Amino acid sequence: MSSIETLSALRQPTHLPVRLSRYFPLAPPLIVLMIAFAIPMGMMIGLSFHDADTGILTLDNYVRFFGDDLMLAGLWRTALMSGLVALCVTVMAYPVAYYLARSTSRWRVVVFALAITPELAGVVLRTYGWLVILEDHGAINNLLTWSGLISEPLPLSKNLIGVVIGLTHVVLPFGILSLLTSIQGIDPNLERAAQILGSSRVSIIRHIILPLSVPGIVSSLLIAFTMAASAYATPALLGGAGFKVIATMVYEQVLFYIDWPFAAVMAVILLVMMLTIAFIGARVEARLHRKLHI
Amino acid sequence: MKISRLLATLGIIGTGHGASAEELIVNSYGGPYEDIIRERIIAPFEHQFGVTVIYDAVGSASQDYAKIKATAGRPGFDVVVMTAAQSLDGCRDGLLEPLTPDAVSNIAALDPNVRAMAGECGAVHELQYLSLVWRKDKLPVAPTSWSALLDDGLKGRVILPTFQNVMAAYLVEVMSVSHGGDLLDDIGPGFEATAKLAKHSIGFEQASAVMENYIKDGRAWAMPFWNGRAQLLMDSGIPIDYVRPKEGTVPLIATLNVPKGSENKDLALKFVNFWLEKTSQEAWVTGYKVGSARPDIDVPDDVRARQITTEADLKALLLPDLTELSKRLPEWGARWEREVVTQAR
């Protein structure tokens with residue numbers, strides 16, 4: 001055996017453990033994800049193909065869902081509500097995130113705290129707060145009635161408007177954090193260079209900041225959409241009896257009708273909707289990257 | 001020392017709770033219910049048997065049943081207060097312990113018709129009925145019929161339950177009977193009348209506790225409501241009263257149930273039997289202001305006049321087939337969404 005062969009023979013056994021050892025840090029989260037996410041998700045998908053009474057394999061639950069106008073209306077309502085929340089959150093979060101990323105003022109800490117503190121209160125508590133403000137005899141309607149601007153209360157709760165307002169408040173901090181990370185990653189020297197070359201503030205934002213923060217914008221839209229689509233408490237409290245979304249419909253099937261396979265169908269369809277939106281978001285982001293030559 | 005503490009902690013986590021053989025976990029409701037059950041039932045039981053009852057007030061009847069189903073009959077409590085509907089479902093699914101007269105002797109003292117409605121896994125410990133609650137300071141005359149809810153004087157002054165509160169299905173049934181239909185097969189008149197009612201209602205609320213607020217603060221002047229809770233509101237000084245309308249009403253049959261996997265089954269059965277004792281039933285009826293399925297109890301005349309306590313009261317009730325009702329709930333729920341909810345403003 002030559003010295004080279006001897007050396008490689010000696011090294012070879014050490015390669016495999018070294019390569020495997022790279023993956024050791026991944027093991028704990030992978031195991032947790034497998035137990036807490038993948039296995040329950042698989043069970044749920046499996047359950048959706050079973051008959052509630054007999055337990056036999058069937059596609060009937062899916063046929064029932066897509067053949068029922070109430071279910072389809074619920075799915076459409078979920079998509080519309082989540083889309084509106086995603087837009088509102090991203091539009092409102094952007095200026096706050098930009099200020100936080102670029103400002104050196106001492107007020108920055110205060111603004112950051114104001115943006116994040118809503119998360120310290122529970123979602124149910126915050127939603128009840130909005131109910132007090134938005135309901136027919138709530139703060140806004142009482143003020144408008146008292147000032148003589150309206151004679152009948154404005155329909156601010158028990159409908160889409162109320163739910164979008166409530167969910168935007170709930171999800172806004174996540175949008176801010178997502179955009180903040182993205183904007184902080186943009187080199188401030190680019191803005192200074194543009195300023196030196198005579199660009200206006202609007203032009204800098206339009207041609208430099210916005211294009212470079214596309215990943216943050218897409219991420220904010222996706223986070224807000226998925227969080228809104230799976231939210232239960234806010235639509236249940238602020239939506240009222242006439243505003244059913246998939247999350248509240250799942251709750252009904254699980255607890256009131258005790259039809260778990262049908263609830264699983266709804267959950268699977270919601271999951272597919274969110275994955276589709278995430279896929280579209282990723283494609284749009286990639287296309288924008290190419291288009292803007294980033 | 002530290003290791004022994006850790007092992008003790010793990011022991012508690014491992015069993016899901018810290019209950020020993022002399023501890024019984026009872027799951028029921030919170031609010032005024034909890035105060036009354038602790039005073040009238042739990043304290044005397046603990047005193048008589050020398051055991052400790054751990055009270056768990058989390059969850060509605062349907063949530064408790066979902067928990068029993070999800071854990072295959074081992075939800076972590078030994079006795080649970082639910083309704084006849086969950087008792088029937090749980091018995092059918094093999095998740096609840098059958099409560100025979102051999103195991104719970106006082107079961108034999110219950111009215112056989114009411115007992116049959118709850119099936120062999122439910123011990124009926126309380127009866128309420130769907131009453132028509134009204135504000136005495138707003139309406140000049142007491143309503144006597146379910147149709148009174150449709151009067152013009154109550155436009156925008158009636159609050160209704162959502163369909164996820166079983167009160168809604170019972171309301172459709174009594175409206176059906178009031179308008180020429182019946183409790184199950186000819187339910188159309190009930191939906192038509194309830195749709196008209198929705199049109200001039202304030203709207204819908206799921207939780208009974210939230211519905212209460214509407215009648216308390218005067219936004220609602222009338223509503224369908226369980227009579228036991230209505231009586232508690234009356235006793236608290238709210239200017240309301242309630243009636244059993246002339247067309248009749250449907251009872252809410254509350255049951256005690258023992259999950260199949262209860263860890264203290266013997267003690268659980270003793271607790272159920274204790275609550276069905278004549279003296280316990282009298283204490284409960286006078287404390288919580290509800291009815292009883294034991295026709296032999298002795299209660300004051302003013303309580304008897306308002307509650308279901310006699311055979312005559314029991315015979316006057318409209319008794320739907322709860323198993324059949326349970327099967328029709330998804331269909332009725334969809335109909336409610338299409339025909340009733342769409343009519344509300």
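Assorted remarks:
- Per-pair calculated FRET efficiency, R0 = 51 Å: B:Asp301 and A:Phe37 via Cβ, rounded to 0.05: 0.25
- Using a cutoff of 8 angstrom between alpha carbon atoms and counting only pairs six or more residues apart, the relative contact order for the range A:137-230 works out to 33 percent.
- Most positive-pole-ward Cα, A:Ala113, A:Thr234, A:Ile269, against dipole of the range A:57-291 from beta carbon charges: A:Ala113
- Cut-off under 5 Å, modelled amide H: who pairs with B:Leu252 long-range: B:Gln128, B:Tyr129, B:Leu130
- Rg/Rh, computed from the Cα trace of the protein assembly as shown with Rh as the Kirkwood radius, has the value 1.05.
- The range B:120-131 - phi-based ³J(HN,Hα) in whole Hz, Karplus 6.51/-1.76/1.60, Gly and Pro as x: 7, 9, x, 9, 6, 10, 6, 10, 10, 9, 6, 10
- Per residue of peptide B:128-140, the mean number of Cβ atoms on other chains within 10 Å of the residue Cβ is 0.
- Contact order normalised by residue count of chain A, Cα under 8 Å, 6+ apart, percent: 26
- Near A:Lys158, once Lys and Arg are set to +1 and Asp and Glu to -1 for all other residues with Cβ below 9 Å from its Cβ, the sum equals -2.
- Peptide packing: for B:222-235, B:320-333, the average count of neighbouring Cβ atoms within 10 Å per residue gives the ranking B:222-235, B:320-333, highest mean first.
- Among A:Glu152, A:Glu119, A:Glu252, the largest mean-square fluctuation in a Gaussian network model of chain A, built with springs joining Cα atoms closer than 10 Å, belongs to A:Glu152.
- Fluctuation leader among B:Glu173, B:Glu39, B:Glu97 - chain B, Gaussian network, Cα springs under 10 angstrom: B:Glu39
- Distance between the range B:301-323 and the range B:214-279 - C-alpha centres, whole angstrom: 13
- Counting Cβ atoms of other protein chains within 10 Å of each Cβ in A:252-263 and taking the mean gives 5.
- The H on the amide N of A:His50, modeled in the peptide plane, is under 5 Å from the matching H of A:Thr58, each at least 5 residues off or on a different chain.
- Charged-residue dipole, Cβ positions (Lys, Arg, Asp, Glu), the range A:57-291 about Cα centre, Debye nearest 20: 1060
- Chain B, relative contact order in percent, only Cα pairs under 8 angstrom and at least six apart counted: 25
- Long-range amide H partners of B:Leu24 with built H, under 5 Å: B:Thr52, B:Val53, B:Ile54
- Estimated purely from DSSP H runs of n ≥ 4, each contributing -39500 (n - 2.57), the mean residue ellipticity at 222 nm for chain B is -12000 deg cm²/dmol once divided by its residues.
- Most fluctuating residue given options A:Thr90, A:Thr54, A:Thr248, as computed from a GNM of chain A linking Cα atoms under 10 Å: A:Thr54
- Shown in residue order for the range A:28-45 are the 3J(HN,Hα) couplings computed by the Karplus curve 6.51 cos²θ - 1.76 cosθ + 1.60 at θ = phi - 60°: x, x, 5, 5, 4, 4, 5, 6, 8, 10, 5, 5, x, 5, x, 4, 5, 5 Hz (x for Gly and Pro).
- ³J(HN,Hα), Karplus 6.51/-1.76/1.60, whole Hz, each residue of the range B:295-301, x for Gly, Pro: x, 8, 7, 10, 9, x, 4
- Shielding of peptide B:63-70 by partners, expressed as the average count of other chain Cβ atoms within 10 Å per residue Cβ, is 2.
- 31 Å Cα-Cα threshold exceeded, pairs from B:Lys67/B:Lys196; B:Lys216/B:Lys278; B:Lys246/B:Lys327: B:Lys67/B:Lys196; B:Lys216/B:Lys278
- Computed over the range A:175-243, the percent of Cα pairs more than 18 Å apart is 54.
- For chain B: Kirkwood Rh in Å [reciprocal of mean 1/r, alpha carbons]: 21.0
- Under conditions of 25 °C and 0.890 mPa s, the range A:57-291 yields 123 µm² s⁻¹ as its translational diffusion coefficient, taking Rh as the Kirkwood radius over Cα pairs in the Stokes-Einstein equation.
- Peptide packing for B:290-296, A:283-289 was compared via the average number of neighbouring C-beta atoms within 10 Å per residue; ordered from the highest value, the list is B:290-296, A:283-289.
Throughout, read-outs are computed from the coordinates displayed, never taken from laboratory work. Just so it is clear, the structure is predicted and the values come from calculations on it, not from any experiment. Methodologically, a virtual Cβ is constructed for each residue, glycine included, from the backbone with ideal geometry; neighbour enumeration extends over all protein chains shown.
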